[in-house]
Amino acid sequence: LPADLPVFHGELPGQDYPAGATSTALATAANRGNHATLPAAETLATAASHLCAYPYPATDLWTAFEDVIYHDEHTWGHSRNVGPAKIASEAEKAVHAYRAAALGHDVLRKAMAQLADQVALEEEGFYLCVFNPEALPRTGPVRLPLREIDNASSAMHWVTPEEDPEGHGFWQGVALLTRGPAILPPELVAGGFSLLDVATGETVPHQLVDLTAPHDPVPYAPERVGSAVGGPHCGMLDLPHGLGRDLCFLAREVPACGYRTYRLLPGTTGVSPGGASDISPVGGSGVPPVPPLSPLPCQGRGLGGEAALENAFYRLEVDPATGALTSLYDKSHQRELVDASCPHPFGSVIVRSPLSEEEFLLENVHVSQRESGPLCASLLITGSAPGVPQITQTVTLYSDVPEVHFAARLLKDCTPLQEISLAFPFAAQRPQWRYEGNFSALDPATDLLPGAYWNRLTVQNWVHITDGDFHLLWSSLDAPIVSLAGLWPDYLSPAHRCHLDQRLQRPPVSLEALSRNGWIYSHAMQNNFDTNFSLTQVADVLFRYVFTTHSGLLSDGQCALWGRQAVSPLTGTFTKRPGAGTLPPTAGFLELDSDEVLLLACKHAEDGRGLILRLWNLADRSVRAPVRLPLVEIAQVLPTNLIEEDGGLALPSHPHEFTVEIPARAVATVRVLPVETLP
């Protein structure tokens, strides 16, 4: 090639196909969740198959990942998307997302149950194992229903004559390979327990949170609320009341790719001792509390019916007239995070039609207390907008957690062509932006191809705003498309657009706009399509967001680690298996000693030879990443390529540790051969 050949590099953000995914937002949200759930399930299944008599579910994982890829294909449907063919193609595409979600949940539940049942438990009773699927230890909130959500498949398990009260033995269908879910008795669901950390013996403050309505912005709220008031089914002995109530507490120092065990000790009621609230009411107009779903209210100090929340890190206020956040004050950095100059209030739902360009915000607003207690408190905002007859939002603070959690449940009617966005106008004087793309961390001001349109950007797990030495991280769990620094008009091509206007004649938005403010707009739904994508959607869709703040230096690797934790929260399973288990009450399977490297995969090798680890270095320099496997005796570590073909010399290793050097911005794959796998 000639030395003077011009070379261009960078991203070319798609303005059509990524936005088209939001035309079926419910399925898109499900598949976005699969990108977090499946790696977590795969990691814990790998640990369970190595530490327990658990058959590694290679076929289910392969099918699930294949379904994820099929749904991620850029398009479906045909021109003039009206009629039976449109309905069939939309359903066919969506089933890939939902089947992958069901398979991922199934693998995750079984792997957690197998590991939990191998923990040595000295006392009778119910226990909860909390799992961390990420490769660094973490402390964070746990929020789980008191009746676990059933997984997709079951197996036949032989109940021995010794286990059979009648002494015969029989085959029984069980959901978790060797047992069914551990069903908490009514007295525990009612709150009659304290929570003990088995490893330390300490009492852990906890809180019980009732679902109040089917439109609560919580996953599966309609089904959970409905089932919770039901009774036992024929052949089933458990009552489903626990589906209507969450257990919430702060799990501290859960080991990397590991677990921590807690005991539900009967005998006390409501919140555990030491539960004085660290989330307090502050000024604001009086707001009536939400009535509980059952006569079993959470105990602990509440909010006092104020339209404001405060913990050790943030203080926020909600305007009862508009439902918008008027203030979000960062106490650690002594700065206001809401930009009041933005035309769209913070947290507002914006509905636009391409036919008129008119914007509609929340109407019929009502603000109330959602929950309060020693661990979490939130405000509930309800209302409606044209095309969205029911909007339910919550903003939540957790004690000792420097994060703000925001959720919105939108009930979309059949109105066609609408665009629905949520506004997060953060205050920033000199903002610099980075975000996670496809295996990349990008600066939209410098990493786009010349002339690229960036009205819409596709974001993976995080957006990072730097303002001097102040940093803000934002993550969207369910919606992938954003606009930065403004609610820019879409730039759909006439090949897909239904209603045509003059937008295609406009030049790209100047990149100088990125330095004006710190506004983030999440594009939840868009339906101005007439080819390939849907021009209407009737759906009940949940959109969840998390944001936090930092000071000092913050690398892409640290952003990626936080983003992974935001989309893959701590989870857990109940067990009731006292006996001589082989595992301690808390342990980790794999740990990375680097905050620049992300664990992409921990899996069984496709050829059955050992474990495969895939590691991504986000730094702009080579990084040596120590990898520890405390419960695995390592015989050999071999570098491989992405398709798991061995190549190169074995890496130096110790019985439970090795170090891998990863080039800048690169992915390294290694094969770990445990001692028992050698001939």
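The values are calculated or read from the model by the stated rules, or taken from the named source; none is laboratory data. None of these values were measured; they are calculated from a predicted model. Heads up, the Cβs are rebuilt from the backbone with ideal geometry, glycines too, and the neighbour counts pull from every protein chain shown.
Miscellaneous remarks
- Only a single item in (1) over 17 Å from Ala566 (Cα atoms); (2) crowded, with 18+ Cβ neighbours inside 10 Å; (3) of a type in the set (Phe, Trp, Tyr) is not met by Phe439, and it is number (2).
- Set Ser493, Ser483: member being among the hydroxyl-bearing types (Ser, Thr, Tyr), in a strand (DSSP E or B) and assigned by TED's automatic domain parsing to the domain that holds Pro386: Ser483
Listed here are the residues, each with its yes/no results for (1) among the aromatic types (Phe, Trp, Tyr); (2) surrounded by fewer than 17 Cβ atoms within 10 Å (Cβ to Cβ); (3) touching a strand residue (DSSP E or B) at 6+ places or on another chain (Cβ under 6 Å).
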position: Thr22; (1), (2), (3): no, no, yes
position: Ala27; (1), (2), (3): no, no, no
position: Ala47; (1), (2), (3): no, no, no
position: Thr63; (1), (2), (3): no, yes, no
position: Ile69; (1), (2), (3): no, yes, no
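Table: residues versus (1) hydrophobic (A, V, I, L, M, F, W, C); (2) within 12 Å of Glu419 (Cβ to Cβ); (3) in contact with a strand residue (DSSP E or B) (Cβ under 8 Å, 6 or more places away or on another chain).
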residue: His344; (1), (2), (3): no, no, yes
residue: Val349; (1), (2), (3): yes, yes, yes
residue: Leu355; (1), (2), (3): yes, yes, no
residue: Glu358; (1), (2), (3): no, yes, yes
residue: Leu361; (1), (2), (3): yes, no, yes
residue: Asn364; (1), (2), (3): no, no, yes
residue: Glu371; (1), (2), (3): no, no, yes
residue: Pro374; (1), (2), (3): no, no, yes
residue: Leu379; (1), (2), (3): yes, no, yes
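- Of all residues making up the stretch 636-651, the number that are within 30 Å of the chain's Cα centre (by Cα) and hydrophobic (A, V, I, L, M, F, W, C): 2
- Residue check for Ser368: of a type in the set (S, T, N, Q), modelled with pLDDT under 95 and part of a strand (DSSP E or B): yes
- If you go through the stretch 121-148 and keep only what is out of contact with any helix residue (DSSP H, G or I) (no Cβ under 6 Å at 6 or more places or on another chain), of a type in the set (A, V, I, L, M) and modelled with pLDDT of 95 or more, you end up with Leu128, Val130, Ala135, Leu136, Val142, Leu144.
- Scanning the stretch 319-329 for residues that are in a strand (DSSP E or B) and touching a Pro at 6+ places or on another chain (Cβ under 9 Å) gives Leu325, Thr326.
- For beta carbons closer than 7 Å, sequence separation of 6+ or different chains, a first residue in the stretch 184-207 that is on the phi < 0 side of the Ramachandran plot and a second that is modelled with pLDDT under 95 and among the aliphatic types (A, V, I, L, M), the qualifying pairs are Pro186/Leu239; Ala190/Leu296; Pro205/Val271; Pro205/Leu375; His206/Val271; His206/Leu375; Gln207/Val271; Gln207/Leu375.
- Annotation note: Cβ proximity below 6 Å between a residue of the stretch 467-490 that is without any contact (Cβ under 8 Å) to a residue 24 or more places away in the chain and farther than 26 Å from Gln429 by Cβ and a residue that is buried (at least 19 other Cβ atoms within 10 Å of the Cβ) and of a type outside the set (A, V, I, L, M, F, W, C) (sequence gap 6+ or interchain) occurs for no pair.
- Scope the stretch 504-562; condition of a type outside the set (A, V, I, L, M, F, W, C), over 29 Å from Pro345 (Cβ atoms) and part of a helix (DSSP H, G or I); matching residues: Gln505, Asp556, Gly557, Gln558
- Residue list for the stretch 548-560, restricted to those being more than 19 Å from Asp330 (Cα to Cα) and either at pLDDT below 95 or surrounded by fewer than 21 Cβ atoms within 10 Å (Cβ to Cβ) (or both): Ser555, Gly557, Gln558
- Just so you know, in the stretch 473-517 the residues that are exposed (fewer than 14 other Cβ atoms within 10 Å of the Cβ) and hydrophobic (A, V, I, L, M, F, W, C) include one that is modelled with the lowest pLDDT, and it is Leu504.
- Here the condition is being crowded, with 21+ Cβ neighbours inside 10 Å, over 18 Å from Glu134 (Cβ atoms), modelled with pLDDT of 95 or more and touching a strand residue (DSSP E or B) at 6+ places or on another chain (Cβ under 9 Å); of Gly588, Gly563, Gly572, Gly610, it holds for Gly610 alone.
- Helices (runs of 4 or more DSSP H) fully within the stretch 9-90 counting 3 or more residues that are in contact with a helix residue (DSSP H, G or I) (Cβ under 6 Å, 6 or more places away or on another chain) and in contact (Cβ under 8 Å) with a residue 24 or more places away in the chain: 25-51, 58-72
- Residues satisfying the stated conditions in the stretch 330-351, i.e. part of a strand (DSSP E or B) and crowded, with 20+ Cβ neighbours inside 10 Å: Asp330, Val338, Phe346, Val349, Ile350, Val351
- Where Pro374 falls short, out of the listed (1) under 18 Å from Trp519 (Cβ atoms); (2) not in a strand (DSSP E or B): (1)
- Matching entry among Val546, Val482 (being aliphatic (A, V, I, L, M), touching a Lys or Arg at 6+ places or on another chain (Cβ under 8 Å) and within 20 Å of Gly563 (Cβ to Cβ)): Val482
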